[in-house]
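Working notes, beginning with the structure itself.
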Amino acid sequence: MAQITLSKLAHSYLPQPKGPGDYALKEMDHVWQDGGAYALLGASGCGKTTLLNIISGLVRPSHGRVLFGDRDVTDAPTAERNIAQVFQFPVVYDTMTVRDNLAFPLRNRGMEAGVISQRVQSIAQMIGMTDVLDRKARGLTADAKQKISLGRGMVRQDVNAILFDEPLTVIDPQMKWELRTQLKSLHREFGHTMIYVTHDQTEALTFADKVVVMHEGRVVQMGTPEELFETPAHTFVGYFIGSPGMNLLDAQIDGSHAVLPDGTVPLGAAYPVLQGRTQIGIRPEFVTLGAEGLPYAVTRVEDVGRHRIVRGSIAGKPVNAILDEGATIPADPKASFQPNKINVYADDWRIAPQGGAV
Amino acid sequence: MDKTQNNRAWFMVLPVLIVVAFSAVIPLMTVVNYSVQDTFGNNEFFWAGLDWFDDTIHSERMHDSLFRQAIFSAIILAIEVPLGIFIALNMPKRGFWSSLCLVLMALPLLIPFNVVGTIWQIFGRVDIGLLGHTLAALGIDYNYTNDPLDAWITVIVMDVWHWTSLVALLAYAGLQSIPQAYYQAAKIDQASRWSVFRYIELPKMAGVLMIAILLRFMDSFMIYTEPFVVTGGGPGNSTTFLSVDLAKMATGQFDLGPAAAYSILYYLVILLVSWAFYTVMTNLDRAEGGK
């Protein structure tokens, strides 16, 4: 096991990249702690899989280095890196039995038969396939096959990291939850570094200690689920995390106030003078509809059980609010924001407030 | 669930039956017709029962041809299938070179059979053929017109040259359908090259290979033009395969009755072997599939 360092890493699939648009991954410097559970979250095509394949060695980065611990593995082939990877679609060896499938990575590394059968048994127990161990993998359903893939990824105990590339896409929702819980408990038990690629925020937030949000080939934020929720570092994070995502409104920032077309909103702190496009971001959870604040036009109310989502707009810009089940919407609603929950963005990046709260 | 039965639906099949009758059944019946009759000329025929079949089954000539035929098919399958797989494995997977390879591979398949025969007939000649002359110049005693072994080698090499591409192209198609993730997973599992072939590539190719083997078997079992053009079945009868023999009998000696019985038996042998092969393969396939 080892800490994974990405040093000035960037990748382009083109031999002669010209502009930043040609890069699938833009330059990044990150350290992934040994034993951490990470989720790589982002929309399709944002470079998640490329990054994962660079770590596993299936793709050689065009720029920068990858280090496992102190060892530079940029040029090391996959086999030498001692990592496990589970792919989006089940990859099983059809003609082998389930048992042989699980034993395959161990046998290829010349382990003793006794150790192998013991490992296979315990992994089979974990994925709940002990009763089909002697069946050929071919006849099984897609989710059973994917469980074999997961099992094959976890069968080696000495791996540097286990990488998951959207592994639960083909699995039933019920089973998804169960397997995710198992992965989580495995992580606690054995402490492998796990990197989990997904575009599903629920999956990312429940699985990982740290979520890495990617957008257009860039890591825009690496943080705990709480940090992503409270202080999204980039407007994309605000928009992508949460359901519905963060409300973003163009505003002039004037010290500790934000000036909007329809009025002024107090901020939780004072801000320096900002250049570029400035916006404020407020989560729907912290929008209150009442008698005071900015005039709010309701378009639609969605009842989703424990709370209601109000879709509406302020001065023509869409703003959503989340209301508790019992709460009522006044006839002529005004929207107010919790000042200390407002984040300020300049050119999409979050600006830290000056000093403490006002 | 109850389904309504309506046997009038069978009328829907009628047009197909009629077409098949004219294209296959009726011509076949004329052969059946000949096979049970004898003639002394003047277009007068009389009933001969199963005599021709009896004769053919016990004829040494048929036995010898059948034996040669079986050996020939076995040899070319044993060469073409592994060679075709080997070529497919080593072909470029994409890009300009893969297209070029595909075109080059397809070329022999596009050449008419008797042209293939003529090419090899001249190619192998000791006096003017590039191959024959070169071998002679190297001091190798090669002459497919008098030496049965040389004749066999020539016919087999010709068939390999002509048809290995088919196996290779089918195997290549099978290989192309394997998702990249399988190879990546194999790398991660540290599988050897042999394991990748044995556990990933071969199982994924199994379907197309079965078709390739079946096609090559049937085709080689019916081979006529090429050996006829190259060796004419000789020297002696050493390369007289079933259809060469049959043609001699039917159009050379004009023994229509025995030839008809011969061709029906020939047809049944091909049908039987293909059916047996197919059944065995699909059963193996099912056995591999678990329950």
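Does segment B:91-117 hold any residues that are closer than 19 Å to residue B:219 by Cα and part of a helix (DSSP H, G or I), and which are they?
Within segment B:91-117, B:105, B:106, B:107, B:108, B:109, B:110, B:113, B:114, B:115, B:116, B:117 meet the criteria.
For residue A:193, are the conditions met, namely being without any contact (Cβ under 8 Å) to a residue 24 or more places away in the chain and more than 30 Å from residue B:286 (Cβ to Cβ)?
Working: without any contact (Cβ under 8 Å) to a residue 24 or more places away in the chain: no; more than 30 Å from residue B:286 (Cβ to Cβ): yes.
No: the conditions fail for residue A:193.
Out of everything in segment A:152-165 that is away from chain B (no Cβ under 12 Å) and either in contact with a strand residue (DSSP E or B) (Cβ under 8 Å, 6 or more places away or on another chain) or assigned to a helix (DSSP H, G or I) (or both), what residue ends up being modelled with the lowest pLDDT?
A:154
Inside segment A:92-135, can you point out the residues that are within 14 Å of chain B (Cβ to nearest Cβ), assigned to a loop (DSSP other than H, G, I, E, B), touching a Lys or Arg at 6+ places or on another chain (Cβ under 8 Å) and closer than 14 Å to residue A:151 by Cα?
Matches in segment A:92-135: A:92, A:129, A:133.
If you scan segment A:65-91, which residues turn out to be within 7 Å of another protein chain (Cβ to nearest Cβ), touching a Gly at 6+ places or on another chain (Cβ under 7 Å) and not in a strand (DSSP E or B)?
Scanning segment A:65-91 gives a single hit, A:78.
So is residue A:281 under 31 Å from the mean Cα position of the chain (by Cα), of a type outside the set (Asp, Glu) and part of a strand (DSSP E or B) or not?
Values: under 31 Å from the mean Cα position of the chain (by Cα): yes; of a type outside the set (Asp, Glu): yes; part of a strand (DSSP E or B): yes.
For residue A:281, the condition - under 31 Å from the mean Cα position of the chain (by Cα), of a type outside the set (Asp, Glu) and part of a strand (DSSP E or B) - is met.
Yes/no matrix, rows are residues, columns are (1) at pLDDT 90 or above; (2) over 28 Å from residue A:86 (Cα atoms):
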residue	(1), (2)
B:156	yes, yes
B:159	yes, yes
B:165	yes, yes
B:170	yes, yes
B:173	yes, no
B:179	no, no
B:201	yes, no
B:207	no, no
B:212	yes, yes
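Of all residues in segment A:255-280, which are charged (D, E, K, R) and either closer than 30 Å to residue A:206 by Cβ or modelled with pLDDT of 85 or more (or both)?
A:277
For the subset of segment B:184-199 comprising residues that are free of Cβ contacts under 8 Å to residues at least 24 places away in the same chain and more than 9 Å from every other protein chain (Cβ to nearest Cβ), which member is surrounded by the most Cβ atoms within 10 Å (Cβ to Cβ)?
Per the criteria, the residue is B:196.
So which residues in segment B:212-262 are outside any helix (DSSP H, G or I), closer than 26 Å to residue B:32 by Cα and among the polar types (S, T, N, Q), if there are any at all? Even if it seems obvious, please write down each step before you answer.
Step one: of segment B:212-262, the residues outside any helix (DSSP H, G or I) are B:222-224, B:231-241, B:253-255.
Cutting the leftovers down to closer than 26 Å to residue B:32 by Cα gives us B:222-224, B:240-241, B:253-255.
Those that are outside any helix (DSSP H, G or I), closer than 26 Å to residue B:32 by Cα and among the polar types (S, T, N, Q): B:240, B:253.
Tell me, please, whether a residue that is within 30 Å of residue A:171 (Cβ to Cβ), outside the structural domain of residue A:225 (by TED's automatic domain parsing), not aromatic (Phe, Trp, Tyr) and not in a strand (DSSP E or B) can be found in segment A:41-61.
No: segment A:41-61 contains no residue that is within 30 Å of residue A:171 (Cβ to Cβ), outside the structural domain of residue A:225 (by TED's automatic domain parsing), not aromatic (Phe, Trp, Tyr) and not in a strand (DSSP E or B).
(1) at pLDDT below 85; (2) within 14 Å of chain B (Cβ to nearest Cβ): which one isn't true of residue A:52, the others all being true?
(1)
From the list A:183, A:168, which one is more than 14 Å from chain B (Cβ to nearest Cβ) and either in contact with an Asp or Glu (Cβ under 9 Å, 6 or more places away or on another chain) or of a type in the set (S, T, N, Q) (or both)?
Exactly one of A:183, A:168 is more than 14 Å from chain B (Cβ to nearest Cβ) and either in contact with an Asp or Glu (Cβ under 9 Å, 6 or more places away or on another chain) or of a type in the set (S, T, N, Q) (or both), namely A:168.
Does segment A:217-227 hold any residues that are crowded, with 17+ Cβ neighbours inside 10 Å and either in contact (Cβ under 8 Å) with a residue 40 or more places away in the chain or not small (Gly, Ala, Ser) (or both), and which are they? Show your work before the answer.
Going residue by residue through segment A:217-227, those that are crowded, with 17+ Cβ neighbours inside 10 Å are A:217-223, A:225.
Of everything in segment A:217-227, those that are crowded, with 17+ Cβ neighbours inside 10 Å and either in contact (Cβ under 8 Å) with a residue 40 or more places away in the chain or not small (Gly, Ala, Ser) (or both) turn out to be A:217, A:218, A:219, A:220, A:221, A:222, A:225.
Among the numbered criteria (1) modelled with pLDDT under 85; (2) not in a loop (DSSP other than H, G, I, E, B), which one does residue A:168 miss?
Unmet condition: (2).
Please verify whether residue B:249 is touching a helix residue (DSSP H, G or I) at 6+ places or on another chain (Cβ under 7 Å), without any contact (Cβ under 8 Å) to a residue 60 or more places away in the chain, of a type in the set (A, V, I, L, M, F, W, C) and under 19 Å from residue B:34 (Cβ atoms), treating the condition exactly as stated.
So residue B:249 passes the test.
What are the pairs with Cβ atoms under 8 angstrom where one residue, in segment B:266-290, is at pLDDT 85 or above and the other, located anywhere, is small (Gly, Ala, Ser)? Sequence gap at least six, or different chains.
Close Cβ pairs satisfying both conditions: B:266/B:243.
Testing residue A:138 on (1) touching a residue at least 24 places away in the same chain (Cβ under 8 Å); (2) touching a helix residue (DSSP H, G or I) at 6+ places or on another chain (Cβ under 6 Å); (3) over 25 Å from residue A:49 (Cβ atoms); (4) not in a loop (DSSP other than H, G, I, E, B), one condition comes back false. Which one is that?
(2)
Among the residues of segment B:129-170 satisfying the criterion of being among the hydroxyl-bearing types (Ser, Thr, Tyr) and part of a helix (DSSP H, G or I), which is surrounded by the most Cβ atoms within 10 Å (Cβ to Cβ)?
Ranking the qualifying residues of segment B:129-170, first place goes to B:154.
Being aliphatic (A, V, I, L, M) and assigned to a loop (DSSP other than H, G, I, E, B) is the filter; apply it to segment A:294-336 and report the residue that is farthest from residue A:268 (Cα to Cα).
Here the residue is A:304.
The values are calculated or read from the model by the stated rules, or taken from the named source; none is laboratory data. All values reported here derive from a predicted model rather than from experimental measurement. With ideal geometry, Cβ positions are generated from the backbone for all residues, glycine too; neighbour counts draw on all protein chains shown.
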